[in-house]
Each structure stands twice: as C-alpha cells, then as structure tokens.
Amino acid sequence: MTGFELLERDGLARLGRLVTPHGPIETPALLPVVHPDPARQPVPPEEMRRRFGLGAVITSSYITWRTPPLRAAAQRDGIHRLIGFSGPVMTDSGAFQQHAYGSVEVGPEEILAFQQAIGSDIATVLDLFTEPDTPFDRAASALETTIARSTAARAARSGLLAVPVQGGPHPELRARSARAASELGDVLAIGGVVPLLEQYRFVELVRALVAARPALSPGAAVHLFGAGHPMTFALAALFGVDLVDSSAYQKFARRGRLLLPDGSVPVEDVAEPFCRCALCAQRPLPEVARLPPTEREPWLALHNLLTSAEEMARVRQAIRQGTLWELAERRAGAHPALRAGLEEAKRHPAVFLPTEPASRRSFREVDRSSRERPAVVRFHRRLAAYRAGRPAAHPIGRLALRPEYLQHLPLEDSSGQPLRWETSSALGPVPVELTDLYPVGPYLGVDEFVDPPRHRPPRAMREEVAAQFPPGSLPERDWTEAWTAYQVRAVLEWEFGPAVASSLAPAARGERSRRTGRLRGIAGDGVPWFVLGTDGIPSPTFRGAAELHRRLPPGQRRVVVRDDAVPFVASGRTLFARFVHSADPGLVPGAAALLVDGQDQLLAVGRLLLAPHEMPRLSRGVAVRVTGHRRSPAPPAEETEPAGEADLPD
Ligand code: GUN
Ligand code: ZN
C-alpha cells in the first residue's frame, strides 16, 4: 500500500523517501504550513524551496473549502496552482480548526472528496481532535469515530492518505489508534498534541509517542501534527517521526521573535548582527529590528524558516552519522521541559531496543543522562548475562587493552586459579576483556579527560595488582599472549554465545594492530575470520560466517532469502526487503547476519539495515547489505568481484 522507503537509520529515526505524484519527499522533512491564499503567505512556497530546499508543504483543505473564492480557484486549477507550488502538497482536513474553534462545518466525506478533487498529494482524514485532558470514555468514543471515518476514507481514496492517531492521554487508546491507522494509512499522523507542544508538556508528548510508536507500521511514514519549534525536531525524529508540519516560523514572526535552534529572542534584543547568513548579509538583524511591522514580519518569517530548515537538515545529518541521541540531548538543554521529555523517553527502552543498532561509530556523552541511552541499557543487560557463572572479579584502575598494560595483568595466580579483572568506566565496572566493545570502547565522556587511561603508567597498574595479593602468590610472566587468547574468546562469546566461542576459540588467533596494540582481527587456518572495528565487535568475513554457520543452529543469526533472489545474493548483491523469507528475531540493525537459502545453504554474510520485524512491512528498499559472499558457481560476468576481495570487509 505504501511508498515509504528507508535508506539510512539511527535507531527508530529514518532517512527515507516517500514518493508522491508531485515527486518524492526526502525524510525527515519539515512541511511548512502555508496559507491557501497567496495573499496571506509571508513566504511563497516556491521561495521556500528555492532558498531553503524545502521540497514539500502542507496547507488546509478546510480553509480552502470554506472560503468561496479559494474553493472555486482550487476546484478549477488545483491546489498546487492555487498556493503556487509544484512540489508535493499535503492537505489537512479541518480537525485543527475543530480544536481552535470548537467545530467545523464540513463532513468527513465531503472534505475528503474535496481534497481528492483539488489534487492533494497526501489527503488527511477528518479526525476528531482529542484534547490532552479528555477523560477515557469520551476519548474512546471519539477515537471510534475517527477510525470509522478513516476506514471509509481508505475505501474512497486511491492516492496517499494520512490517517490521524488520536486517543488523547490514554496509552491504550493511542496504541489502538496506531494499530488501526497502520492498517489504513500511507502516512500515520500523530494528532491531538498541539496543546502539549504549545504548553511545553513534553513529558506527556513523549508518553503519547511511547504508547503509539510500537503499534505504528514501520512501512508507513509517520507525521507529527504541529511540531512547532525546531528544538523539538530531534526528539520527534528519535521516535521515528518522518514528517513534521510547523507554522512556528510565521507565528513567532508575527510576535517579532527570531527563532534560534534552542530558543527564540525578540528581534529588538538583537543588538549585534550575530548571524551571517545570506539574508542577514542583505539586511543585518539590528536593522530588521527597526523596520515597520509590515516589513519586519515577512523577513522574520523567512529567517525563522531558515532556522527550522537548517535544524531538520541537522537531524538528517545526525541520522547519517548515528549521532541523533547526541543532538537530542544537546537540544534538550534548551529547556528543562524538553529535558524532562527526553528523560521520559529514556525510561522506556523497550520502545527503542528492537531497532537500536548493534553499534555506532562513536558514543559522545553530552551529560550524565547520556548514560541512560538505549545502547547503554542493552550493554548492561548483556553484561549481566556475561557475568553470570563467572568468578567475582578484582577491581583495577582504568587501562587500555594494549600489551603495555596487559603484560602485567595476571590471568591466573600461582596455584592456577583464574583471576578476573574489572576496570572502572563511565558506565560502571566492566570486565577488562570487554572494554573495547561498543558503547564502552568508543565512549567519549568527561572521565576520559579527568583520568585518561593512556596517561596511566603501567608501573602504577602493576603496583595496584600486587597490592591485592600476598607476596609470591602471583607468577612472574608476560601475560600479553594469554590475554589475546582470552579476549578473543570473550568477544566471540559476547557476540555469538558461549557454545560458538568454545568451539571456535581453539583454532582462532587474535591479531593486534602493530600501531595501537588493539585487537584488530581474528584469523583461523591463516585466513581472516573476523575483523574488529572501533566498536570492538567481531564482524565475520565470508570465511568466518562459514565457521559460524557450521556451529549455530538453523534459524539463528540467519536471514532466509527467497528462492528468486538466491543467485543474486550468492553473487554479492544487496538483499531487498521483498526478497526476505524470514529472519532471526534476535537480530538488530547493524548486526552481521548469515544469509541462507531455504535449505540453510550459506550464500553470503551481510549487515542488517532493517530490524527483522520491519522486513515484512517494507515493500521496497534494502533489508541487508551484503559484505561478503560465496563464489557463485557461474556468476554473471559483471557481478564477479576481484579474487580475494569478496571476503574482506572494507
Ligand atoms: N493539526 C494539528 N493537530 C491536528 C490533529 O490532531 N489532526 C489533524 N487532522 N490536524 C491537526
Ligand atoms: Zn541570518
């Protein structure tokens, strides 16, 4: 039913593409609210696109319908000609006016037919706006009306349909609404939240998102109605919001306020021309402050739109880089209410964990609350499992997993008893052998600068070890090689479980980087089996995948490829979502998976872009990126890779 394609992601947040009759919308996207009457647009939509790259807009079909000259013009020329925009136009239905004025004069069938008639790219169901303080029974009966109208609208409309998600403050109703919308809509539009945004009730906003998100289809685009100030964009994107509409640029302009990424100021207070954008180059801010209101307002609207468009671009860039939590935390610093909202989000890791990536390139602490991100929650859960059944560990100060330290750290005492060590980290005590793993390994927090492990003399560490044991109870030897073997086993166990680790470890040999001393690879039979990047996670080559395949029971770590795609995947092509037969539900985005055919023959190894539960819901786009593949018996010439290279991840 839907045309939404996921291209990149950071957790629930997606870079995607929604195809409409007037071209694709690259998401996350800001849809500025434009008035259907060009005389009432402070910024013409074509100018929004030309200046700021804003490729889609939203307008009100209801205002168009109830204003006779606009209605006639829209019916005659279409909504695009009326508002003066040739890109994708989403139309809203009038529910917002019901919120603002108490009622609307149009029926659901009529306004839907009108949206169809005027050529809306994305039409919206006339939902019942449920205020955030509505009691359960009233919210529930309003929701049934919204669902009935949505069902009728779906039957009547062939084009893209936005189905609102209501339910007020009641989590079960939000979830029910999200489930129903997911069956009907191409765009699932979280509604009834404007008062929460306007009154900075971000905790309640987050609760509504927490309740709705797990029930929203991953195959549809998610819209947040009335996102308002750009400081909320990153928080919305964290929940997988793909589209937001905002009229803040004109509302703030009307009040003489300049939007900033983390707040706003009355333009009269701007004494210095601190912004050097192209607009300010023409007319510096202090000059704008002195303009008459009729001239000042459109200029401010333009500048506010620039700020909003830039913030959305920053959100997209953060998704590409895997730094959206960082951006959201920095923005949460703008206002305690926003911080409270983000902290509420972190109290619900279950919402995020199914799509939380296996790792990211970096982990940068913004403040203490960074230690509550889902990545950390997952790490602690797995750590508890790893510790179970192991002897208690001795504490050791911060150290790096380099030979200059490890050589002095005994793995056994003189009587052959194993010794285990845990070092302090920003995330609490961590077994020494796991400290290169994401998120601990790439973790960059204030501790790194207060107590950098690289500045710790190995001699001091040696003394710390000796002080914990009676003299003579530790053997004198170099422990580096023993540590390498131990660490290899540990990271294999962490990633693939104890059975695989025990079976692989005897034949596996760890390789340290000559430059940094870090464990960089694991080889067997003289060929690379695993490569360890900055996330410390062993990532299998095709040969390594073959070793895993032999040892992991069928189903585990597998993505089963449909027959028609088998030759392509076996020769190294990308696995698209529609060719996935099934996938191990324990896998997460970014994890390495064994790609097999229906008989469990190994075809390739790859990295998931989609979580397993998303694969059947997305009809287009990539599910798994192949990183290594078997030599297919007779691959088409142009698909043959140079000998040897196919096995090596880049
Ligand atoms: N605009 C702002 N909030 C809403 C909402 O809940 N529903 C609709 N249709 N439009 C909105
Ligand atoms: Zn400027």
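The values are calculated or read from the model by the stated rules, or taken from the named source; none is laboratory data. Keep in mind it's a predicted model, so treat the numbers as computed, not measured. All Cβ positions, even for glycine, are placed from backbone atoms using ideal geometry, and neighbour counts span all protein chains on display. Ligands, DNA and RNA are stripped out before the accessible areas are found, and what is left, the full protein with its side chains, is counted by its heavy atoms. Shrake-Rupley method; radii C 1.70, N 1.55, O 1.52, S 1.80 Å.
Some values worked out for this structure:
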item	result
DSSP-defined antiparallel bridges as percent of all bridges, the chain, nearest 5	60 percent
Cα-Cα separations in the chain greater than 45 Å, expressed as whole percent	30 percent
Residues of the range 248-272 with amide N under 19 Å of the 7 Å Cα→Cβ point at THR294	253-256
Using a Förster distance of 51 Å, the FRET efficiency for TYR101-GLU8 (Cβ separation, nearest 0.05)	0.80
Highest-first arrangement of 164-171, 262-269, 323-330, where packing means the average Cβ count within 10 Å	164-171, 323-330, 262-269
Virtual spin-label span in nm between CYS277 and LEU444, 7 Å along Cα→Cβ	2.7 nm
Base-10 log of normalised Debye intensity for the range 438-513 (one unit scatterer per alpha-carbon) at q = 0.17, 0.19, 0.23 Å⁻¹	-0.99, -1.06, -1.07
Sites ARG620 and ASP564, calculated FRET efficiency, Cβ-Cβ separation with R0 25 Å, nearest 0.05	0.95
Cα-Cα pairs of the range 97-176 separated by more than 15 Å (percent)	57 percent
Of MET48, THR91, GLY102, farthest towards positive along the dipole that unit charges on Lys, Arg, Asp, Glu beta carbons give the range 37-113	MET48
Simple label model, 7 Å out from Cα along Cβ direction - ALA384 to ASP77, nm	6.4 nm
Approximate spin-label separation ASP413-GLN601, in nm, with each point projected 7 Å along Cα-to-Cβ	5.6 nm
Theoretical gain in end-to-end length, SER513 to ALA148 [0.36 nm per residue, Cα-Cα removed]	125.1 nm
Percent accessible area from carbon and sulfur atoms, the range 35-193, protein chains only, probe 1.4 Å	53 percent
Highest average packing first - 598-604, 389-395, 148-154, Cβ atoms within 10 Å	148-154, 598-604, 389-395
Å² per residue, accessible surface of the range 380-487 at 1.4 Å	50 Å²
Accessible surface, per residue, of the range 201-353 when the full set of protein chains is kept, probe 1.4 Å, Å²	36 Å²
18 Å tail of the calculated P(r), the range 21-172, as % of Cα pairs	58 percent
Whole-percent carbon and sulfur share, accessible surface of the range 276-401, 1.4 Å	51 percent
Where the Cα pairs of the range 1-59 fall when distances are cut into 5 Å bins, in %	4, 17, 22, 22, 16, 11, 6, 2, 0
Unit charges on C-beta of K, R, D, E only; dipole of the chain, Debye	340 debye
Sites SER86 and ALA39 - FRET efficiency at Förster radius 25 Å, r taken between beta-carbons, to 0.05	0.80
Ordering of 560-566, 23-29, 280-286, 91-97 by burial proxy (mean other Cβ atoms within 10 Å per residue, highest first)	91-97, 23-29, 560-566, 280-286
Test item: Cα-centred dipole of the range 248-380, Lys/Arg +1 and Asp/Glu -1 on Cβ, debye	400 debye
Leading residue at positive end of dipole, the range 311-365 (Cβ point charges), from SER362, VAL351, HIS335	SER362
